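The values are calculated or read from the model by the stated rules, or taken from the named source; none is laboratory data. Since the model is a prediction, treat every value here as computed from it, not as a measurement. Neighbour counts are summed over all protein chains in view; Cβ atoms, including those assigned to glycine, are modelled from backbone coordinates with ideal geometry.
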Amino acid sequence: MQLLTNQIKIMNFKINVLVLIGIVLIATSCEKKSNEVESAEPAVKAVWSASGRWDTWQNGGYTLYNNIWGSGYGPQSIWANSYSNWGVWANHPNGGGIKSYPNSERAVNKQLSALGSCTSSFNCTVPGGGSYNTAYDIWCDNYTYEIMLWMNWKGAVGPIAGSYNSSGQPVAEFTNVSVGGHTWNVYKGSNGANAVYSFLRTSQTTSGTVDIKAILNWIKGKNWFGNVTLSKVQLGWEITSSSGGMNFNMNSYSVSYN
């Protein structure tokens with residue numbers, strides 16, 4: 001009888017050990033799956049999504065571009081519920097050079113003298129790491145003149161300029177210029193293909209309204225161009241690096257003109 005009791009105890013012990021091993025294996029598997037989800041591209045429910053370099057989507061008179069145009073890029077996916085509510089997940093490696101400029105664009109195609117008004121509003125959420133800027137890219141006379149409005153930025157990024165100081169930093173043509181509803185430091189240069197006028201806010205923001213016509217008139221007043229045609233207005237992120245995968249979200253955005 002004592003022998004039978006001992007055998008039963010041994011069997012119960014073995015069963016308990018097997019149960020504990022099973023629990024450990026299940027927990028390990030769940031932890032691994034959880035880690036895989038964190039490191040993978042996040043799932044975003046959206047009306048449209050894509051991951052090709054040149055994928056585009058038209059909505060409400062705007063065109064969205066994934067626009068992975070640089071070299072040495074990593075994976076990037078764009079999603080959108082509308083031209084106003086969209087974003088990207090990007091995992092571009094560390095290193096210099098712009099990898100992409102995902103953006104939402106509205107064509108205008110009106111000469112400055114005939115433009116009654118042109119304003120834009122936005123609200124975005126940006127990551128705490130990486131290297132990038134949130135910027136308007138405004139094109140005049142097709143691709144002859146490029147006006148960039150830097151609203152916020154992070155990391156090793158900077159504007160094109162006509163000159164640089166001994167430390168390699170760009171030198172502004174004008175500082176503390178109040179125009180278009182914001183205060184800027186203004187840089188003038190060329191990328192080799194077109195003139196580039198960059199306006200960097202003196203304090204960064206992730207939301208606001210910009211009077212684009214007022215900025216164009218200010219540039220015209222400096223004789224940097226004449227009675228140009230405002231071809232299109234774009235807003236997005238110039239992403240240099242976002243190692244590990246980062247989210248850039250446009251919560252709202254619009255361009256109005258007449």
*Can you tell me which residue within the range 73-88, out of those that are over 11 Å from GLY245 (Cβ atoms) and over 11 Å from the mean Cα position of the chain (by Cα), is surrounded by the fewest Cβ atoms within 10 Å (Cβ to Cβ)?*
ASN81
*asked:* Return the residues of the range 141-155 that are touching a residue at least 60 places away in the same chain (Cβ under 8 Å) and closer than 20 Å to THR202 by Cβ; say none if nothing qualifies.
replied: ILE147, LEU149, GLY155
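Scan the strands (runs of 3 or more DSSP E) fully inside the range 131-179 and keep the ones with 3 or more residues being closer than 24 Å to TYR73 by Cβ.
In the range 131-179, 131-140, 145-154 are the strands (runs of 3 or more DSSP E) which contain 3 or more residues that are closer than 24 Å to TYR73 by Cβ.
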*asked:* Suppose we filter GLY70, GLY61, GLY52 for residues that are at pLDDT 95 or above and more than 27 Å from ASN191 (Cα to Cα); which single one remains?
replied: GLY61
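Given the residues VAL108, VAL126, VAL157, which is the only one that is in contact with a Leu (Cβ under 6 Å, 6 or more places away or on another chain) and not aromatic (Phe, Trp, Tyr)? Can you show your working first?
Details: VAL126 fails: in contact with a Leu (Cβ under 6 Å, 6 or more places away or on another chain); VAL157 fails: in contact with a Leu (Cβ under 6 Å, 6 or more places away or on another chain).
On inspection, the qualifying residue turns out to be VAL108.
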*Within the range 213-230, considering residues that are without any contact (Cβ under 8 Å) to a residue 60 or more places away in the chain and assigned to a helix (DSSP H, G or I), the one farthest from TRP139 (Cα to Cα)*: GLY221
*What are the residues in the range 228-253 that are closer than 26 Å to THR144 by Cβ and polar (S, T, N, Q), if any?*
THR229, SER231, GLN234, THR240
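Criterion first (more than 30 Å from GLN76 (Cβ to Cβ) and free of Cβ contacts under 8 Å to residues at least 40 places away in the same chain) does SER203 satisfy it?
For SER203, the condition - more than 30 Å from GLN76 (Cβ to Cβ) and free of Cβ contacts under 8 Å to residues at least 40 places away in the same chain - is not met.
Could you go through the range 111-122 and let me know if any residue there is of a type in the set (S, T, N, Q) and out of contact with any strand residue (DSSP E or B) (no Cβ under 8 Å at 6 or more places or on another chain). Steps first, please.
Applying the first criterion (of a type in the set (S, T, N, Q)) to the range 111-122 yields 111, 113, 117, 119-121.
Filter once more, so that each one left must be out of contact with any strand residue (DSSP E or B) (no Cβ under 8 Å at 6 or more places or on another chain): 113.
Looking through the range 111-122, at least one residue is of a type in the set (S, T, N, Q) and out of contact with any strand residue (DSSP E or B) (no Cβ under 8 Å at 6 or more places or on another chain).
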_Residues that are surrounded by fewer than 17 Cβ atoms within 10 Å (Cβ to Cβ) and either in contact (Cβ under 8 Å) with a residue 40 or more places away in the chain or part of a loop (DSSP other than H, G, I, E, B) (or both), drawn from the range 186-200_ = ASN191, GLY192, ALA193, ASN194
*Look at ASN67 and say whether it is surrounded by fewer than 18 Cβ atoms within 10 Å (Cβ to Cβ) and assigned by TED's automatic domain parsing to the domain that holds GLY192.*
no
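So, of the residues in the range 92-123 that are among the charged types (D, E, K, R) and over 19 Å from ARG53 (Cα atoms), which turns out to be surrounded by the most Cβ atoms within 10 Å (Cβ to Cβ)?
Taking the range 92-123 as the starting set, the residues that turn out to be among the charged types (D, E, K, R) are 99, 105-106, 110.
From what's left, over 19 Å from ARG53 (Cα atoms): 106, 110.
On the way: ARG106: 20, LYS110: 16.
If we take residues in the range 92-123 being among the charged types (D, E, K, R) and over 19 Å from ARG53 (Cα atoms), then ARG106 is surrounded by the most Cβ atoms within 10 Å (Cβ to Cβ).
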